[in-house]
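As structure tokens, the structure follows; a few thoughts come after it.
The values are calculated or read from the model by the stated rules, or taken from the named source; none is laboratory data. Keep in mind that this is a model prediction, so the values were computed, not measured. With ideal geometry, Cβ positions are generated from the backbone for all residues, glycine too; neighbour counts draw on all protein chains shown. Surface areas here come from the heavy atoms of the whole protein model, side chains and all, with no ligands, DNA or RNA. Shrake-Rupley method; radii C 1.70, N 1.55, O 1.52, S 1.80 Å.
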Protein chains: 2
Amino acid sequence: MTAAAQPKPGDPVQLRHVRISDPFWSEYGRLIREAVIPYQYETFHDRVPGVEPGHAIRNLRIAAGLEKGEFGGFVFQDSDLAKWLEAAGHSLTTHPDPELERKVDEIIDLMAQAQQPDGYFNTYFTVKEPGKRWTNLTDCHELYVAGHLIEAAVAYYRGTGKTRLLDMMCRFADYIGDVFGSGEGKLPGYDGHQEIELALVKLYRATGQERYLRLAQYFIDQRGTDPKFFHEEWKRRGRISHWSPVPSHKAPDLPYFQSHIPVREQDQAVGHAVRAVYMYSAMADLARVNRDESLAQACRRLWHNITRRQMYITGGIGSTHHGEAFTFDYDLPNDTAYAETCASIGLIFFASRMLRLEPKAEYADVLERALYNTVLAGMARDGQHFFYVNPLEVWPEASRRNPGKHHVKPIRQGWFACACCPPNVARLLASLGEYVYTQTTDTLYTHLYIGGTAEVWLAGNKVAVAQESGLPWSGQVAIRLETNAPAPFSLALRIPDWTDGFRLTINGIPVAPSDFCIQDGYVHLARTWHSGDLVQLELPMDIRLVRAHPQVRANAGKVALVRGPLVYALEGIDHEGGPLAALVLDKSVPLAARFDPELLGGAVVIEGGALREQEDGWEDVLYSTAAKSAVPVPLRAIPYYLWGNRGESEMTVWFREH
Amino acid sequence: MTAAAQPKPGDPVQLRHVRISDPFWSEYGRLIREAVIPYQYETFHDRVPGVEPGHAIRNLRIAAGLEKGEFGGFVFQDSDLAKWLEAAGHSLTTHPDPELERKVDEIIDLMAQAQQPDGYFNTYFTVKEPGKRWTNLTDCHELYVAGHLIEAAVAYYRGTGKTRLLDMMCRFADYIGDVFGSGEGKLPGYDGHQEIELALVKLYRATGQERYLRLAQYFIDQRGTDPKFFHEEWKRRGRISHWSPVPSHKAPDLPYFQSHIPVREQDQAVGHAVRAVYMYSAMADLARVNRDESLAQACRRLWHNITRRQMYITGGIGSTHHGEAFTFDYDLPNDTAYAETCASIGLIFFASRMLRLEPKAEYADVLERALYNTVLAGMARDGQHFFYVNPLEVWPEASRRNPGKHHVKPIRQGWFACACCPPNVARLLASLGEYVYTQTTDTLYTHLYIGGTAEVWLAGNKVAVAQESGLPWSGQVAIRLETNAPAPFSLALRIPDWTDGFRLTINGIPVAPSDFCIQDGYVHLARTWHSGDLVQLELPMDIRLVRAHPQVRANAGKVALVRGPLVYALEGIDHEGGPLAALVLDKSVPLAARFDPELLGGAVVIEGGALREQEDGWEDVLYSTAAKSAVPVPLRAIPYYLWGNRGESEMTVWFREH
């Protein structure tokens, strides 16, 4: 049952073989293990005062028949538990913890009792709407929940070797395979929220069972074909939705669900951003595993559309909070952005799978951008406050008093009722090691510069890799290799898009241009490596003054500061005396980077000068022909991911160049 | 019954004494008479193909018992009819038309049959919810509809001398006076949509009956007092609203209705913008008629807040479409503005009443600004297409594809189901003559420069005033006076805020500085006038490059072009080859005004130069450190009120100065 699928070129170096030990990232790992995972566990038991109950345990107990009561929470409430289980599984992979493992096993016990005889698992439908299974795929997230449970099962199996949850979820997946498909008596549908597709690929990898791969492929290929499943289903349901019992003439909005046309024909990212990137991730998985070139082409087109037309400089995606969705090319408003934390996590999933499909640095560049900026911004340094929305410009009073900006919060919020982002951050950061390296039989690709160790087999040799990295503050990277014997393989090092050059030494000796080649953004060092070889890479980390495409109206005349992987932001608290919009970059003052040990645990700030347009003479005038006078003031930018940690104030990533 | 109230200083010169004959404005009068009024009349009979039925006649016939059927339209549907009747009344005042008068009398016949024995009139409650009168003042617009009916009755009485409708509405008003008040058994409430208050002042003026003034005062004084009427009423109703039959924990939002605190304590314009300015208009009326200084102070504070903090340069108000509402100081987003046509009409009402209270040019400046820009922009030149929303920046694709901008239409729409703005434009423009002059016993104030004639009594002399005006294209104004005898009085001429000086002659001879004084923005010419005296005023109409207060983030680094009363806009159709946001004013090219006879009936355009940032090299790049290259291109701005008449394209009022 659990014979893993054969490795394929581009496979990630799995989490169990990677240990992160890094001055920047280790702290985040600790936060996930010591704050986020325990905190959410408490919410599942509805015992955190002042926080919306998580309902998870109670729903399980009711579904298991151990307790009477009403189902609590959203129709997709089980997914919070699933994401937590996945995070716990990843955490146990790298940091064994018998107490955590015991808690998970207790939950799995309850889950086993809540699972239905045919393998079905969903506490909402078991408790609240028995008999309504699979009647509203459009709205009810049934397969989405299943997907998260499957991801959890795979992670927990990888973390502990225990197969109980994996077996339970295989039974569930097998049952799903019986229900869905094109055969007689089968349901020719798919879920309103994509997730099961990428989960089934993981299940295939963990078990080697190709039927899971085929089922994922079915969901992907069936989506968007005629007749449109969501419209047919809606008519069968009497034109009602899960959210409103009143029949409506408004059929489900297919682009929202990326189900308007078959996925291979899609070339614009549309609709709910999280749904979109989860689906693209599965498409990239299937393109690789099945060597499916038309699917790969669709992935490349969608990747291109997102990253060249619809992505914020922070790696945020989703320009509108209406439907948490993509809008259209170059529409990137800073102050009404949605840029959900979960969507950037999904973009990281997509990017990592594109890297496995074809190692091109641009995928890792975006992955890194989304990780260091939007994802990190999403969580406060206590692990208990989160941004769901990651705007690039905030005017706190507008967030309160202009309803079009109510979704834009000026400070991180406590745990939400719809707790999608926090456990998503947890599972991503708990599995961060998996994003650092991929390999082929004879090449090790380093995508991220994060300190720690990895063990890999390359061309028949076991190689231990020890990386040290100064990121995000400096571009000094050192990689030491240990092998049991001289080992011929290629080490491919990503040259990020944020650097203008690099310096490379092996054992202290500069590498001659004839001794490496650069391909798709990676420096390939092909040689026979010896134990103790030390590769040192220096990536100059200049301050970059970045502009946006002229079609991006929101950024006309503006610049953003970028240094290394970090996007910077101005905050009102550092620029008191007027709005940030009144500041204009003073090019006569050089910009300088300085490590400020006092700033929120220490961070590199960028300092320079600005001219501030004065309000003198404007006290009682709204419009005037008067020229604005300006005075020089200091300019100070902090890493975007740290914004909103010093109380409410204005923030902007883009500011006036002229 | 119909002995008018005594004139008061500052009274407008009434519509029947003013005839507009003006190269610019006469055409609009003709459009209202020949297109808008007849067209809406047809909609009332539900016989305009492709247009939402107006329901008016059918609702009346059903309420009158002449026909069976269901009530059609909104709860406030009668108000469309009332505004049309008012427009017809104004039109008949200046342009008698027996056929129109016959049509109105037919409608009044029906209305008489639909009026209830106790004087109540409202087809919705008569037909659809008999017995529910006055149970939901918050949502149901009952007194709002009554107010519009009263305004219609006064206008029709003034236009024709016929008293039937006026008498009917006096009965209705008397009945309202029996229902509302602080006495035992009376309802201590007021309407969710202010309007009755200003209407009752008009009814007082037309009839001289002080009880109508007292009732208006009651509604104004009662509003916002404790306990909050809308909350009490909501609890009595079982916490439901007109819009949703499901009880809610969400009580009515009092600031939306300007009923959060007593009106005399209000100093910030909040909530639904039309409701607000209708209320402020009544407050200004009452302040003047009752010499009520604390109410006058509240009016001045609210005026100040709107015009110095919350008004678009076009005279638009209402920064958000959520609740069609004010937001807060300096929050004036251009691309998500609401700036409803009706709200600017209400601002004109407020301004004209402030002028009556105290003749200060700033009130007329705003009145003129709103009239020439937002109100005129609201209507297409066919009288059948309208903007409800008057944005200052439009990207047509964003209007279609970013849901946060769905309310911003790039071209004028046909008649709407909720037809509030078109008949409001009609009644304003049909009564435009009333906004030109006000007078005291010995001073005639000229607020607007609009050609035509007026007859006034000044210090015992009948004076005929004939004005010619070059506005909005030139600032040449001539006023010829005819008197039956030499007449000592003061002619006060407004010096607009858009001019830097003026030249003044009487009978061709320059007026010496010792022969006039300037007070509150008016030049006062006090002398004994002789028949045939000719005053010529030249108001230089330079192109003005206007900037906004540094707190207005949306306009940082941007300028707008203003010439005379007109605000200008750039349109994409005149600047093809890139977005308007890529244009930067080229100060090396002088700006010049030129009359373009080809542009939409002829208009002065402003031409100059811009530098356009090029897209070369950006084809496949979203963010880059590359500087943007720019090429010089012609700049062409057209009057804002004409935008959106040449097909869909981008539009912006504010553009980059640097």
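General observations
- Shielding by partners - mean other protein chain Cβ count within 10 Å, residues of B:323-330: 3
- Per-residue ³J(HN,Hα) for the range B:76-91, Karplus 6.51 cos²θ - 1.76 cosθ + 1.60, θ = phi - 60°, Hz, x for Gly and Pro: 9, 4, 4, 5, 4, 4, 4, 5, 5, 4, 5, 4, 4, x, 4, 4
- Distance between the range A:573-615 and the range B:282-325 - C-alpha centres, whole angstrom: 39
- Over chain B: helical MRE at 222 nm, DSSP H runs n ≥ 4 each giving -39500 (n - 2.57), nearest 500: -9500 deg cm²/dmol
- Within chain A, longest stretch clear of exposed GluC sites (Glu not before Pro) (DSSP loop, no more than 11 other Cβ within 10 Å): A:185-575
- For A:573-581, mean number of other protein chain Cβ atoms within 10 Å: 2
- Over the range B:544-656, the hull volume per residue, using the convex hull of the C-alpha atoms, is 128 Å³.
- Net charge dipole, chain A: roughly 1000 debye, given to the nearest 20, about the Cα centre with Cβ charges of +1 for Lys and Arg and -1 for Asp and Glu.
- Each copy carries A:GLN519; placing its label point 7 Å along the C-beta direction from Cα gives inter-copy distances of 9.0 nm, listed from smallest up.
- Other-copy label distances relative to A:PRO245, 7 angstrom Cα-Cβ extension, nm: 1.2
- Of all beta-carbon atoms in chain A, the one sitting closest to the axis that brings chain A onto chain B gives A:HIS658, 2, with the distance in whole angstrom.
- The alpha carbon centroids of the range A:391-416 and the range B:9-77 are separated by 43 Å.
- Kirkwood Rh and Cα Rg combined as Rg/Rh, the protein assembly as shown: 1.03
- Residues whose placed amide H lies under 5 Å from that of A:ASP586, excluding near-sequence neighbours: A:GLY609, A:ALA610, A:LEU611
- Within straight-line reach of B:LYS68, meaning a Cα separation under 18 Å, sit the following lysines at least 8 residues removed in sequence or on another chain: B:LYS128.
- Along the range A:467-474 the Karplus relation, 6.51 cos²θ - 1.76 cosθ + 1.60 evaluated at θ = phi - 60°, assigns HN-Hα couplings of 10, 10, 9, x, 5, x, 8, 9 Hz to successive residues, with x for each Gly and Pro.
- Residues whose amide H lies under 5 Å from that of B:LEU187, counting only those 5 or more places away or on a different chain, are B:PHE180, B:GLY181; hydrogens are built 1.01 Å from N in the peptide plane.
- Counting Cα-Cα pairs of chain A in 20 Å increments starting at 0 gives whole-percent bin shares of 18, 52, 27, 3.
- Extension gain for B:LYS132-B:ALA526 works out to 136.0 nm (0.36 nm per residue, less the C-alpha to C-alpha distance).
- Note that the range B:612-622 has calculated 3J(HN,Hα) couplings of 9, 5, 8, 9, 4, x, 9, 3, 10, 10, 9 Hz, one per residue in order, obtained from phi through the Karplus relation 6.51 cos²θ - 1.76 cosθ + 1.60 (θ = phi - 60°); glycine and proline are x.
- The B and A chains share an interface that buries close to 5100 Å² of accessible area, total over both sides, probe 1.4 Å.
- Sparse-neighbourhood loop sites, trypsin sites (Lys or Arg not before Pro) in the range A:37-119 - DSSP loop, at most 15 other Cβ within 10 angstrom: A:ARG47, A:LYS68
- Average other protein chain Cβ within 10 Å of Cβ, residues A:554-565: 3
- A dipole drawn for the range A:544-656 from +1 and -1 charges on Cβ atoms has a positive end, and of A:ALA610, A:TYR568, A:LEU635 the residue lying farthest that way is A:TYR568.
- Near the amide H of B:GLU358, within less than 5 Å, lie no amide hydrogens of residues on another chain or at least 5 residues away, with H placed in the peptide plane.
- When B:ASP46 is represented by a point 7 angstrom out along its Cα-to-C-beta vector, the spacings to that point in the other copies are 5.3 nm, nearest first.
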